[in-house]
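Colleague: The structure is given below, and queries will be raised subsequently.
The values are calculated or read from the model by the stated rules, or taken from the named source; none is laboratory data. Quantities reported herein were computed from a predicted structural model and do not represent experimental measurements. Methodologically, a virtual Cβ is constructed for each residue, glycine included, from the backbone with ideal geometry; neighbour enumeration extends over all protein chains shown. Ligands, DNA and RNA are stripped out before the accessible areas are found, and what is left, the full protein with its side chains, is counted by its heavy atoms. Shrake-Rupley method; radii C 1.70, N 1.55, O 1.52, S 1.80 Å.
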Amino acid sequence: MHVENLIKMANQIGEFFASFPDREEALDGVATHIKKFWEPRMRSALLAHLDAAGYGELNVTAADAIRTHRGRL
Amino acid sequence: MIDHDIDYGTPRRTSEQEVTLTIDGMPVTVPAGTSLMRAATEAGVMVPKLCATDSLEPFGSCRLCLVEIDGRKGFPASCTTPAEAGMNVRTQSDKLQQLRKGVMELYISDHPLDCLTCAANGDCELQTQAGVVGLRNVRYGYDGANHLKDQKDESNPYFTYDASKCIVCNRCVRACEETQGTFALTISGRGFESRVSPGQDQPFMDSECVSCGACVQACPTATLQEKTVIERGQPEHSAITTCAYCGVGCSFKAEMKGNEVIRMTPWKDGKANEGHSCIKGRFAWGYATHKDRITKPMIRAKITDPWREVSWDEAINHAASEFKRIQAQHGRDSIGGITSSRCTNEETYLVQKLVRAAFGNNNVDTCARVCHSPTGYGLGQTYGTSAGTQTFKSVEHADVIMVIGANPTDGHPVFASRMKKRLREGAKLIVVDPRAIDIVSSPHIKAEHHLALRPGTNVAIISALAHVIVTEGLVDEKYVAERCDPKSFQHWRDFVAKEENSPEALEAETGVPAATVRAAARLYATGGNAAIYYGLGVTEHAQGSTMVIGIANLAMATGNVGREGVGVNPLRGQNNVQGSCDMGSFPHELPGYRHISDTTVRSLFESHWGVELQPEPGLRIPNMFEAALTGSFKGLYCQGEDIVQSDPNTQHVSEALSSMECIVVQDIFLNETAKYAHVLLPGSSFLEKEGTFTNAERRISRVRKVMPPLAGLADWEVTCKLSNALGYPMNYKHPSQIMDEIAALTPTFHGVSFEKIDRLGSVQWPCNENTEEAGTPIMHVGKFVRGKGRFLITQYIATPEKVTRKFPLLLTTGRILSQYNVGAQTRRTANNQWHSEDRLEVHPHDAEERGIKTDDWVGIESRAGYTVLRAVISERMQPGVVYTTFHFPESGANVITTDNSDWATNCPEYKVTAVQVLPVMQPSTWQKEYKVFSENQEALLNHAR
């Protein structure tokens, strides 16, 4: 998996949920979406990249969501 | 034998009031408003007629259907006289016989007496009625003025117009107006000079005629006659089946001679089309027996090798052994499958079952990925299920029709005719589209509001419409309070009410004047029953799912879901998009839209299928390409889908396929994807299939085999063989057993069976113990499938695809009437006479700036690639926007589209690509390389034949 595409997709998901007024709902929304629709190798490739390079390429909502809900991804 | 439908002469009337009268001594009860002709026919009394047919309003011109009514003077025409309570009507008397014979005598005095050599011999209403009235001679002779030497118009490739046989009954003209709504035909001249005239006395091909066949269907003589009937003679038996083109799912009568189709005629009892058709379904079926059909299984080791014809067993065993080898070497998840919206429900169900049960993973996806996957997500999130809410007939009750990102007159022409009929009756039209599509302004139709937005700004427009509805007090508060989730509604209301979402604030972004947006919003919210119809101009965007959600929000806020005449209606592109999605073709869900992670659902399938299923979602099509390019995806079973031509960024797709070790393509032709394949399994056309298709109104209709599969095996049998070779047994004897399994495992299909569909004509899911026997015409009546309707916030986020000085124009893509999708079917028919190449439409301003004229070759360059097409200068475009179709592989339309996709579903953003367009003199490098590659692949195929 090309990780730059995964970062782009995660950021798009983050952008959608960022406007939710309920922050917890937004972060849960991002994580649930990735869990429900991303094949495991996509998730593991993204997480491996974040472990190596940090969360700086992600927008705030995507980054917070993955940090908060990493356990179920 | 041919199943001849009864023609009741005039349309059915509906009324709560009934009237009882007497016809030929028999009491007859009919709804008020019913004609005497229809009342008589319903009672089994056939009144002679020529100008009347039950698809058209009565006209009263032929004077053959005269009757006698007690207490009335003269001989009223039964077609134009409504039945009244207490009437006593006689359809036969000596006087009536004399009058009818006199009328018929006049007709025949100006008609060629060539019945024995006439193409309509045995199927001619004039011939039949001459017999009915007992005509035995013509007193006037044949030497007077007549039209017997009138010239034939043979310009249309599918039918002839033989003016010498015309009785000027006006049925063709009225069909063009009432049924089709094109108004291409008229009667020119007066009295004896009266003749049917396409356009301004033009040949049919030069006129506005769209070749829908309504006139041919209505013609009572051989004046308008299918060329296949002229060439091959009358058909001798027929079967009802379903069209294999768009998502309207028209019912047709396949009229046959042995195993040969003579003609396809629209079935008037088909609920999707009610006897109407378009050029594709009516005439463009010849591809099924085209010489390019693949009829033998073939294999090769490398794509540079010649194909080698082999037996079915060798091909299947080779494919299975390759898939097993790849999994042993690269892991269980290194292979996958793709189902097609062109295949039946039963076929797609089997492919996803094979992937999940025999491959042991969830790497299955479908071509809906690149069209309506955002509909699945958006409507699922808001309403609880992925489907349009209405029947097509519901449009007859709409007062306001909003068409968003759809071009129904080209993409869904039979439904467009129904929509246009309602618009001519007075419903108001709002069009949201960057282009001035035909329906914006067509005969007797003019949109109240055309919101000609900039491509990529859909969500801004839907938020602006919502802003007006919320801030001007137009929300249906009672409906929302009763039917919707209050917390989500409040969040949405607060969001859209923000000044940043006002039409004025967004005008610069969308390009649509704020006043137009405000007027459209007011009309939608207050104009009565308001229905939204949308297409791929909604879904194929980076915010495709957000826009579907926005549409769903708008309909809920105004109370326009859950009854006749309203609703949210995705117009599905291909014939079985709805069905392929229903059947569990997406990698994250099992049939019936149930997530693969749901242990209860998964256990149900595991128990029935006798195998353990993986609980994690599989790869979507774009993810498969990515995984292929990074080395973890090596094998693909692709049934009936052409990903190389239809998916975006062609170079990316072909590079991914080139990196794989075994691609198995099952198709009727050597399509673009098959040129990268290692195993080619011959597919069946819809004429060779038994099964079902599900159209855009969730209507499940039968597809019936009218000829044996050219390659000997039906598609479902091939999938079974492959599964068995892989070690997972599939032993169905008939597709009806597959549907029985679907019904057993899927609650919304519990009541579906071939037997029921055969008996009722069609059913609409949900169809089970909680619904009417024929299922559910209108969804979400009383409450939403998910319980309370859920609003979601739809923040507009501009697409990353920006115009720059280097790429100053926006390209958007679509389809046209005569061609279909990748063109594999329609390019192999005479439809090419209407559209023989993809052209680039350019606004005159942009053309002048670049020195481009119509027919000039122009290079189109994007960030993804470069191709060359010929230009058409068109004011349908707005300045700054160019448009093309993608029906011809050599065009390379998808060479220039990008990898951008919808945030939720990865549906590609076909509708927005920043490009530059300049005049050029030669094809692109890609086109030159494609030509060499394609010719080489054709040669490798011919080597095997």
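Colleague: Compute the whole-percent fraction of alpha carbon pairs in the protein assembly as shown spaced more than 56 Å apart.
Modeller: 15 percent
Colleague: Another question, if that's okay. Under a point spin-label approximation (7 Å from Cα along Cα-to-Cβ), what is the B:R805-B:R850 distance to one decimal in nm?
Modeller: Each label point is offset 7 Å from its Cα along the Cβ direction, giving 1.8 nm.
Colleague: Please list, by residue number, every one of the GluC sites (Glu not before Pro) in segment B:750-824 that is coil in DSSP and has at most 10 other beta-carbon atoms within 10 Å.
Modeller: B:E769, B:E773
Colleague: Grab the Cα-Cα distance for B:R522 and B:E606, subtract it from 0.36 nm times how many residues apart they are, and report the gain in nm with one decimal.
Modeller: 25.1 nm
Colleague: Among the trypsin sites (Lys or Arg not before Pro) within segment B:9-39, which fall in a DSSP loop and have no more than 16 other Cβ atoms within 10 Å of their own Cβ?
Modeller: B:R12, B:R13
Colleague: Hey, another quick one. Taking every residue in B:612-621, how many Cβ atoms of other protein chains lie within 10 Å of its Cβ, on average?
Modeller: Shielding by partners across B:612-621 averages 3.
Colleague: Could you name the lysines in cross-link range of B:K487, using Cα to Cα under 29 Å and dropping any fewer than eight places away on the same chain?
Modeller: Output for B:K487: A:K35, A:K36, B:K478, B:K498, B:K783, B:K788.
Colleague: Turning to a different aspect of this structure: Describe numerically, in nm with one decimal, the distance between label points set 7 Å from Cα along Cα→Cβ at B:V920 and at B:E938.
Modeller: It works out to 2.1 nm between the two label points.
Colleague: Another one. Using alpha-carbon positions, what is the distance between the centroids of segment B:679-734 and segment B:221-259, in Å?
Modeller: 22 Å
Colleague: Full-extension gain between B:Q833 and B:T630, please, as 0.36 nm times their residue separation minus the C-alpha to C-alpha distance.
Modeller: Gain on extension, B:Q833 to B:T630, equals 68.7 nm.
Colleague: Extension gain B:S659-B:A32, at 0.36 nm per residue separation less the Cα-Cα distance, in nm?
Modeller: Result: 218.8 nm gained on full extension.
Colleague: If I model segment B:839-945 as equal point scatterers sitting on the Cα atoms and use the Debye formula, what is log10 I(q)/I(0) at q = 0.23, 0.24 Å⁻¹?
Modeller: Result of the Debye calculation: -1.21, -1.28.
Colleague: With each label point set 7 Å from Cα along the Cα-Cβ vector, what nm distance links A:R67 and B:N121?
Modeller: If labels sit at A:R67 and B:N121, their model points lie 8.7 nm apart.
Colleague: Across segment B:341-456, how many lysine pairs, 8 or more apart or on two chains, come within less than 16 Å at their alpha-carbon atoms?
Modeller: Lysine pairs satisfying the spacing and distance rule in segment B:341-456 number 6.
Colleague: Calculate for chain B the 222 nm mean residue ellipticity that helices alone would give, adding -39,500 (n - 2.57) per DSSP H run of length 4 or more and normalising by residue count, nearest 500 deg cm²/dmol.
Modeller: About -8500 deg cm²/dmol.
Colleague: Rounded, prolate or oblate: pick one for segment B:577-634, where a ≥ b ≥ c are the square roots of the eigenvalues of its C-alpha gyration tensor, a/c under 1.5 means rounded, and failing that, prolate if a/b is larger than b/c, else oblate.
Modeller: oblate
Colleague: Given the C-alpha centroids of segment B:26-64 and segment B:370-433, what is the distance between them in whole angstrom?
Modeller: 34 Å
Colleague: Please enumerate, by chain and number, the aspartates and glutamates with C-alpha under 17 Å from the C-alpha of B:K165, excluding those fewer than 8 residues away in the same chain.
Modeller: Output for B:K165: B:E105, B:D110, B:D114, B:D123, B:E125, B:D143, B:D150, B:D153, B:E154, B:E193, B:E226.
Colleague: Tally up the carbon and sulfur contribution to the accessible surface of the protein assembly as shown as a whole percent, 1.4 Å probe, everything protein left in place.
Modeller: Heavy-atom surface of the protein assembly as shown belonging to carbon and sulfur, 1.4 Å probe: 51 percent.
Colleague: Given a Förster distance of 60 Å, report the FRET efficiency between B:E193 and B:A508 from their Cβ-Cβ distance, rounded to the nearest 0.05.
Modeller: 0.55
Colleague: Something else about it: Is segment B:296-346 rounded, prolate or oblate when judged by the Cα gyration tensor, a ≥ b ≥ c being the square roots of its eigenvalues, rounded requiring a/c under 1.5 and prolate requiring a/b larger than b/c?
Modeller: Since a/c reaches 1.5 but b/c is at least a/b, the shape of segment B:296-346 is classed as oblate.
Colleague: Same structure, new question: Rounding to the nearest 10 and keeping the result within 0 to 90°, find how far the Cα-based axis of helix B:544-557 lies from the longest principal axis of chain B.
Modeller: Once rounded, the angle reads 50 degrees.
Colleague: Compute the acute angle (0 to 90°) between the alpha-carbon long axis of helix B:486-496 and the principal axis of greatest extent of the alpha-carbon atoms of chain B; round to the nearest 10°.
Modeller: Roughly 90 degrees, rounded to the nearest 10.
Colleague: Counting protein heavy atoms only and a 1.4 angstrom probe, how many square angstrom of accessible surface do chains A and B bury in total, to the nearest 100?
Modeller: 2500 Å²
Colleague: Read phi for every residue in segment B:234-241 and hand back ³J(HN,Hα) as whole Hz from Karplus 6.51 cos²θ - 1.76 cosθ + 1.60, θ = phi - 60°, with x for Gly and Pro.
Modeller: So the Karplus estimates, Gly and Pro as x, are 5, x, 10, 8, 8, 8, 8, 9 Hz.
Colleague: Still on this structure, I have one more. Could you list which residues have their amide H under 5 Å from that of B:S685, counting only those 5 or more apart in sequence or on another chain, with H placed in the peptide plane?
Modeller: Distant-sequence amide H within range of B:S685: B:L710.
Colleague: Give me the 1.4 Å probe accessible area per residue for chain A, excluding ligands and nucleic acids, in Å².
Modeller: Heavy-atom accessible area per residue stands at 42 Å².
Colleague: Now a separate question. Any idea what % of Cα-Cα pairs in chain B are farther than 39 Å?
Modeller: 45 percent
Colleague: Hey, what's segment B:659-744 come to in accessible area per residue, 1.4 Å probe, Å²?
Modeller: For segment B:659-744, the per-residue accessible area is 23 Å².
Colleague: Another one. Go through segment B:493-509 and flag every residue whose accessible area shrinks by 50 Å² or more with all protein chains in place compared to the isolated chain (probe 1.4 Å).
Modeller: With the partner chains in place, segment B:493-509 has no residue losing at least 50 Å².
Colleague: Which of the residues in segment B:759-807 show a loss of at least 20 Å² in accessible area from their chain by itself to the complete set of protein chains, at a probe of 1.4 Å?
Modeller: Those are B:R790, B:L792, B:I793, B:Q795, B:I797, which lose 20 Å² or more relative to the chain on its own.
Colleague: Just to verify a number: FRET efficiency for B:E448 and B:R786, C-beta to C-beta distance, R0 = 35 Å, to 0.05?
Modeller: Given R0 = 35 Å and the Cβ-Cβ separation, E is 0.60.
Colleague: Ok, one more. Between 0 and 90 degrees, rounded to the nearest ten: what's the tilt of helix A:3-18 against the longest Cα principal axis of chain A?
Modeller: Taking the Cα atoms of chain A, the angle to A:3-18 is about 0 degrees.
Colleague: Turning to a different aspect of this structure: Order of B:382-393, B:334-345, B:844-855 by packing, highest average Cβ count within 10 Å first?
Modeller: By packing density, highest mean first, the sequence is B:334-345, B:382-393, B:844-855.
Colleague: Right, here's the next one. Which residues, if any, in segment A:9-25 have at least 10 Å² less accessible area in the whole protein complex than in the isolated chain, probe 1.4 Å?
Modeller: Correct list: A:M9, A:Q12, A:I13, A:E15, A:F16, A:F17, A:S19, A:F20, A:P21, A:D22, A:E25.
Colleague: Also: Report, ordered by chain and residue number, the aspartates and glutamates lying within cross-link reach of B:K73, taken as a straight Cα distance under 19 Å and ignoring same-chain residues fewer than 8 apart.
Modeller: B:D24, B:E84, B:D94
Colleague: Okay, moving on. For B:R876 and B:A481, what does the FRET efficiency come to when R0 = 35 Å and r is the distance between their Cβ atoms, rounded to the nearest 0.05?
Modeller: The computed FRET efficiency comes out at 0.20.
Colleague: To continue, here is another question. Given a 1.4 angstrom probe, what's the average accessible area per residue across segment B:10-88, in square angstrom?
Modeller: Per residue, segment B:10-88 has 44 Å² of solvent-accessible surface.
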